[in-house]
Structures are given as structure tokens and as C-alpha cells.
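Heads up: the structure comes next, in C-alpha cells.
The values are calculated or read from the model by the stated rules, or taken from the named source; none is laboratory data. Remember, it's a predicted structure, so these values are computed and weren't measured experimentally. Cβ: placed from backbone, ideal geometry, glycine included. Neighbour counts: every protein chain shown.
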């Protein structure tokens, strides 16, 4: 089995950034680096693909048995959030374990758990079972995501890392494209559980390829384990994410349970930071956050996913509920967003080389903000090509944000701490996305209810409980309209108009967050950096710690 052990510079040696990373990678591994990247993208594919498939399947799962599970809006949200809660809570820990135990081992473990969770989710007999098994999938995904990026950083030389990360980021676009289309095809021909079962053959192929091709790597000097730091990070992240999710569900972030949980999570995370600063064997060196290249990249990742996930949440309902497209058609309509990322993300490094990361990422953030605001052009009968153009431009903007900020963050960390760096990258992305769904989803829900509730209340003969439930979402209102028969057509029209209004309000909120991201990037992300001077080829004895 091939392995790569990270090396650390000895006192008096040149700084690691001045030493080309290829000097630390055995030739046998270097020669198959692109094949390794392909395997890593396959594992990345199923983690991202699964969530995009679920977005398309939510409407089907909400229908009564035998077609679906008859899941309520709250149960649907928890089917998504159970995954998110476990995934976000375990990301940082899984990165640390990868650095300590070996990133390949952690990746294999995550894939196996994810595959088992997929089988269980596909055979779930109730919404509660689906929620539990989605949590199992989240645990597996948390061990996959950081490991892929950490392994990438250890099989590519430093000057090739931007290209590799661009392709890695483009893989997210590929998953975004495949997920909804595959989900639509499966739902057109099979039962809802097929959207989870499709993960199993991919997992099996990926596991076989990993065993043959992917090298192992870990921190050669990990130091003592920091159990207190690990526990604080898990508890703090779980409390924070749970509070954010709960606030979104209640559409009230002033609720005592929400405030208490969020503040509790922040207090525990503050304790984690203090512990890390005082510990002589910290899980992560907090000094990295004093580097603009690191902290600005982290903030940019969180803000752009805050803005993006909120829009992704409502666009599925706009396309299917308001415009009446099937799940397969909805998936095809998202292709421009994915295609733009696939095309431009691997090439973003050329633009960065010419203009610098600060200028490129700022322009990308502004493009995302403009396309979010462009959602105001969408109405109940507007031409769909408008949405397609907006999606493509939004994908172009994303493609010029994620690769440069990921490169900035990962190259600010020592190679031997790649797992921790990747975990930080994914943790802030996940927390930002979760916050976006909760806050912007809450904004969408509140704006929709404010518009539609009076229309529902004016209907005669509807029980109070049914009135309240019908105002929770457009699907609930349309369900009531269908129940009323022909007399419900005006209510359906009102629901569609109310949802479009709420969508516009939410899109403006997303645009504002993206603008904030542009300000942060323009102010703090480093600009063009000088190329590192060439370093002498290390002596053979300096390579002794690296095995192919």
C-alpha cells in the first residue's frame, strides 16, 4: 500500500512555502496524481450529489404513502438538517483524526459509513427513520470531505495545487449538475428511495479505486491528542448549528430555545479558542487566523455559501411548485449553474495569476450579488431563459471565488496540517450554508405567510388549525387549494404570487450578504503574490521519510 508521510522543516531550513511541494512527493505517487484526483472527486461526487438529489426528491417524499412517506414540512427540513447537524459537528474532528491516523483510513471509513447510511435511508419506512439514517450519512460525509482536500494537498506540488483545487471545486459543479438530473430520472421511473440507493454502486467503485490508487498520508509529528479540544469543538458546533436550524424552523431567532442554544454554542466555541491558545498541544494553531490569507478566505467561504444556499433552497419550489416543472425538468434547468462552474473553476488560476486573488474574488462576489438581485426579474410567467442566464453568470462568479479562497486557505497551513486546514474550510462552508438556509429560509417563510395568510383566513369553513398549517409553505397552500377543487384555483394563484414576492425579498437578502463578502475580500484578502524563488533539490536523506 502506497503512503506519503508529510515532512517538517528542521530549524534553520528555508520556510516551507519556498520549497516546491513536488520535492516532498515520491515520483511513483507524483506520476499518478491525476488518477488519484479522479478517485477523490468520485468520493466528493456522492457527498454533494446526495444533497442535490434530495432537494429534487423533497416534494415526492412529502406525498402520502405509497408514493412517498407523507413527511410534513418540519420532517422534510429535519431530513436535510439531520445530515447537516452531524456533518458540521464532526468535520473538524474528522480532519484532526485524518492528520493523526491517516487520511486514507479516514476517507475509507467515511465512504463505508456513507454507503451503509444510504442503504438504510433508501429502505426507511417512516420520516423518523429517514431522519435518523440521514444523520448516519452525515457522519460518513464528515469523514469524506476534509480527507479529499487534505490528500490532494499531499500528492500535488505547490505550483500545481491551484489547478488541482480548481478541478476539485469544479467537481462540486459536476455533482450539482448530475444530482438533480439523476434524481429526476430516478423519480420518473422508480420509488423515492432510489435517490439514496444510487449512492451504493458509486461507493463500491470508489472504495476499490481508493485501495489501489490513493496513498496514505498523515502528520509525522502529531503531538499528544487533545481530547478536551475535540470535545469542545464537537459540542460547540452541534449547539451552534442546532440553534441556527431551530431558529429557521420557528422563523423566530428571538425564541428562548434558539437564543440559549446559539449562545451556548458560541460560549463553548469561545472556550475552545481559549483552550487552544493555552494548550501546548492544540488541535489547531489559532495564530493562523491572524493571517489575512487565512481569515479572509474563511470569511469569504462562509458568506458566499450563506448567500448561495438560501437561493438554492427556494429555487426548487419556484421551478416545481410555481412553474409546474417535473423533478427531471427542474434538474435540467439547473445545468447552467453547474456547467459554468465545471468550465471556469479549473481555469480560475490563470485569471488569479494575472490579476491577483483579491481582484478576482471581489469580482466573483459582485457577480454573485448581481445575479441574486437579478432574481427579481423572475415572475410567475417570466421566460425561463432569464433564470438560465442568471444561473450561468452565478456559476461563473462562484468558479472565481471558491478555488482562489480555498488555495489561499490551504497554502496558509503547513502541509502536515492539511487535514485540519481542510476541516476548517469545510466547517465554515457548512456553517455558512446552514445559516443561509435557516435565516433566508425564515425570511422566505415569514414574507410568504404575511402575503398569503389573509387570503386563507378569508376562506369560509376552514378550521383554524388547517388555516395555520396551510400558510406554512406554498406546498401546504397548494394542497388546500387542490382539496377545495375548482374553487381553490384563486387561492393557488394567490399562493404563487405570494411565493414569488417572498422569493424576491429573500433574493435581495442573499445579494446583501454577497456584497458583504465582496467588501471582506476586497479589504483583507491578499492581492498578487510574488512567485517563490526556486529551491535546491533536497538530498536523498531528506526524502527518506517519504515512502511511495
- Query: Does any residue of segment 202-215 turn out to be free of Cβ contacts under 8 Å to residues at least 24 places away in the same chain and either buried (at least 16 other Cβ atoms within 10 Å of the Cβ) or touching a strand residue (DSSP E or B) at 6+ places or on another chain (Cβ under 9 Å) (or both)?
  - Reply: no
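Hey, among 172, 205, which residue is under 30 Å from residue 417 (Cβ atoms) and in a helix (DSSP H, G or I)?
Within the list 172, 205, the selection yields 172.
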- Output the helices (runs of 4 or more DSSP H) that fall wholly within segment 347-424 and possess 3 or more residues being closer than 19 Å to residue 514 by Cα, or say none. 357-374, 384-399, 402-411
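Residues checked against (1) surrounded by 19 or more Cβ atoms within 10 Å (Cβ to Cβ); (2) farther than 19 Å from residue 297 by Cα:
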{"position": "325", "(1), (2)": "no, yes"}
{"position": "337", "(1), (2)": "yes, yes"}
{"position": "340", "(1), (2)": "yes, yes"}
{"position": "343", "(1), (2)": "no, yes"}
{"position": "349", "(1), (2)": "yes, no"}
{"position": "357", "(1), (2)": "yes, no"}
{"position": "364", "(1), (2)": "yes, no"}
{"position": "368", "(1), (2)": "yes, no"}
- Item | Test: residue in segment 462-477 that is touching a residue at least 60 places away in the same chain (Cβ under 8 Å), part of a helix (DSSP H, G or I) and closer than 20 Å to residue 369 by Cβ | no
- What number of residues within segment 68-99 are in contact with a strand residue (DSSP E or B) (Cβ under 8 Å, 6 or more places away or on another chain) and modelled with pLDDT of 80 or more? 1
- Message: Just to be sure before I move on: is residue 265 more than 22 Å from residue 406 (Cα to Cα), assigned to a helix (DSSP H, G or I) and within 21 Å of the chain's Cα centre (by Cα) in the structure I sent?
- Response: yes
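Go through the residues of segment 466-474 one by one and say whether even a single one is modelled with pLDDT of 80 or more and either over 18 Å from residue 255 (Cα atoms) or surrounded by fewer than 20 Cβ atoms within 10 Å (Cβ to Cβ) (or both).
Yes, segment 466-474 contains a residue that is modelled with pLDDT of 80 or more and either over 18 Å from residue 255 (Cα atoms) or surrounded by fewer than 20 Cβ atoms within 10 Å (Cβ to Cβ) (or both).
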- Working carefully through the options 272, 253, find the one that is part of a loop (DSSP other than H, G, I, E, B), buried (at least 16 other Cβ atoms within 10 Å of the Cβ), touching a helix residue (DSSP H, G or I) at 6+ places or on another chain (Cβ under 8 Å) and outside the structural domain of residue 78 (by TED's automatic domain parsing). 253
- Message: within 18 Å of the chain's Cα centre (by Cα), closer than 25 Å to residue 406 by Cβ, in the same structural domain as residue 38 (by TED's automatic domain parsing) and at pLDDT below 85: which single residue out of 142, 169 fits that description?
- Response: 169
- Take residue 12 and decide whether it is surrounded by fewer than 20 Cβ atoms within 10 Å (Cβ to Cβ), at pLDDT below 75 and either assigned by TED's automatic domain parsing to the domain that holds residue 434 or not in a helix (DSSP H, G or I) (or both). yes
- residue 91 in contact (Cβ under 8 Å) with a residue 12 or more places away in the chain, over 30 Å from residue 345 (Cα atoms) and buried (at least 21 other Cβ atoms within 10 Å of the Cβ): no
- Task: Please state which of the following conditions residue 124 fails to meet, knowing it meets all the rest: (1) in a helix (DSSP H, G or I); (2) surrounded by fewer than 23 Cβ atoms within 10 Å (Cβ to Cβ).
- Result: (1)
